[in-house]
Amino acid sequence: MLPAALDIPYADTRADALSFALGLAPLDALAVRTVERSGQAVELRLLGASHQVIVGAFSETVACLPGHDRLPGRFRGRIRDWSYEFRDETRVHDAAGFRRAVEGLLADLDTRDDALVGVFPGSPHAVTALAVDPADPAAPTGYGWRTWHTYPQTQEVVMTRSLLRDLR
């Protein structure tokens, strides 16, 4: 899968500007990939300011959103008939380590048909990527995904992991 070459300025400025929101309506997307898992569409949405994932009536948004909470580190909750877990981690690299991390990420996602990768203009290392986790045979009504947000100017990589399980 080739990364989407985006024709929009890089909107994110640094990792600590990201916020976290659940339940937002679909936002304008630069690119969308829908992956089918257990009969349910998992919609990966690449935004000008990061990402949104939609599964049925559920949505997770990690982006620069004024008025929303910062990334929580870890969040667990129940949303209607869903159990939801979210984790985020930010890693700061030196210049060489940052390049290796981003290039390794792009290589890992290159052949996956369940991933969406966007490269912003100005740097081949300004990347937002999303990928659906492989189906978990132990949780056939669960959906998982990971995301990566890279910041060349600060050499940060923000990684998130989410798990959504149907409790019905």
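Points to keep in mind about this one:
- Any chance THR154 is at pLDDT 95 or above, farther than 24 Å from THR34 by Cβ and in contact with a helix residue (DSSP H, G or I) (Cβ under 8 Å, 6 or more places away or on another chain): no
- Where LEU105 falls short, out of the listed (1) at pLDDT 95 or above; (2) in contact with a Leu (Cβ under 8 Å, 6 or more places away or on another chain); (3) of a type outside the set (Val, Ile, Thr): (2)
- Test: residue in the range 92-110 that is outside any helix (DSSP H, G or I), buried (at least 19 other Cβ atoms within 10 Å of the Cβ) and touching a residue at least 60 places away in the same chain (Cβ under 8 Å): no
The values are calculated or read from the model by the stated rules, or taken from the named source; none is laboratory data. Only a predicted model underlies this, so the values are computations on that prediction, with no experimental measurement involved. Cβ: placed from backbone, ideal geometry, glycine included. Neighbour counts: every protein chain shown.
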